[in-house]
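Okay, structure first, notes after.
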Amino acid sequence: MSTNPIQLAVLDMAGTTVEDGGLVISAFEKAADAAGIPDSGDERERARQYVIDTMGQSKIVVFRAILGDEERAQLANQAFEDAYNALIEEGAAAPIAGAVESIERLRSSGIKVALTTGFSRGTQDKLLAALGWEDIADLTLAPSDAGRGRPYPDMVLTALLRLGIDGVDNVAVLGDTTSDVETGLRSGAQIVAGTLTGAHDEQQLRAAGATHVVASVTDFAELVLSHHHSPTNTESRFHANA
């Protein structure tokens, strides 16, 4: 593994730095109703499983894949956003334990932090406001800010360019889904870590190619800050892939 210093940490939001608590699936059910997917049976189950499998990806892209019809996809996406925003307004959003401290620790050490999401810009802004996180990161990005969402590398590369990072080998990526991992790998990031606080488990994250699997964002911050100093011990502690 490269020993170039990490200058940028790109962190996912829901499931990585923000508790999900089933909010995405709850909002999906409202979206499925709006799109006319029967409330029980194989079609609903297949759609729900696809949402779980593609966690982290742009929601409009997910609904297009499920429904195969642009009008219904737009209807479902709007219903999803309305439902998720309502949950945020009801106070359902909460940071994952240690997230605020980890972000502050990274930034105080000179590492820039970008928060990314598969939600729309409007939903991301509502989530940031509900958490009081408007100024917590150096940059926040939704798919529309970068061109394409996950699993494409656009948000990671946009963060690199906007924040003046030397190269992709100076970037670390953290997320809770296989889409996050694929995004990091496609971007060429030095560290592409999966966290066990969200949608996908260790086996799924490793199979996707994660360079490390960590228990939480707290351990990720420790990894980013310390992996140069003691590579052998760090790779053992943070479950590096062979």
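Computed from the coordinates by the stated procedures, all read-outs in this text should not be read as laboratory data. What you see is a predicted model, and the numbers here were worked out from it, not measured in a lab. A quick note on method: Cβ atoms are made from the backbone with ideal geometry, for glycine too, and the neighbour counts reach across all protein chains shown.
Shape verdict for the range 80-125, please, from the Cα gyration tensor: rounded (a/c under 1.5), prolate (a/b greater than b/c) or oblate. Don't skip to the answer; put the middle values down first.
On the way: a/c = 4.18, a/b = 1.94, b/c = 2.16.
It is oblate, given that a/c is not under 1.5 and a/b is not larger than b/c.
What distance in nm lies between label points placed 7 Å from Cα along the C-beta direction at residue 97 and residue 26?
2.1 nm
Fewest first, what order do 37, 136 take by the number of other Cβ atoms within 10 Å? Numbers along the way, then the final one.
Numbers: 37 21, 136 18.
Lowest count first: 136, 37.
List the lysines whose Cα sits under 28 Å from the Cα of residue 30, skipping any in the same chain fewer than 8 residues away.
Result set, ordered by chain and number: 59, 126.
If you restrict to DSSP beta bridges whose two residues both lie in the chain, what percentage is antiparallel, to the nearest 5?
Looking only at bridges with both residues in the chain, the antiparallel portion is about 5 percent.
Please list, or write none, the aspartates and glutamates whose alpha carbon is within less than 13 Å of the alpha carbon of residue 112, excluding same-chain residues fewer than 8 places away.
Reachable aspartates and glutamates: 104, 135, 138, 166.
What are the ³J(HN,Hα) couplings of the range 27-33, residue after residue, when phi is run through the Karplus curve with 6.51, -1.76, 1.60 and θ = phi - 60°? Round to Hz, x for glycine and proline.
With the stated coefficients, the range 27-33 comes to 5, 4, 4, 5, 5, 5, 4 Hz.
Once you have a ≥ b ≥ c as the square roots of the Cα gyration tensor eigenvalues for the range 23-89, tell me rounded if a/c is under 1.5, and otherwise prolate or oblate according to whether a/b is larger than b/c.
It comes out rounded by the Cα gyration axes.
I'd like the projected area of the chain, averaged over all directions, using the convex hull of its alpha carbons. Report it in nm² with one decimal. Numbers along the way, then the final one.
Working: hull surface 48.5 nm².
Computed as one quarter of the Cα hull surface, the answer is 12.1 nm².
Roughly how tilted is helix 178-187, in degrees to the nearest 10 and between 0 and 90, from the longest Cα axis of the chain?
With both axes taken from Cα atoms, the answer is about 50 degrees.
For the range 110-164 and the range 189-228, write down the distance between their C-alpha centroids in whole Å.
Between the Cα centre of the range 110-164 and that of the range 189-228, the gap is 19 Å.
If you wrap the range 53-111's Cα atoms in a convex hull and average its projection over all directions, what's the area in nm²?
Approximately 5.9 nm², given one-decimal rounding.
Taking amide H atoms as placed 1.01 Å from N in the peptide plane, list the residues 5 or more away in sequence, or in a different chain, whose amide H sits under 5 Å from that of residue 192.
For residue 192, the qualifying residues are 173, 211, 212.
Can you classify the range 1-136 as rounded, prolate or oblate using the Cα gyration tensor, where a ≥ b ≥ c are the square roots of its eigenvalues, rounded means a/c under 1.5, and otherwise it's prolate if a/b beats b/c and oblate if not?
Prolate, since a/c reaches 1.5 and a/b exceeds b/c.
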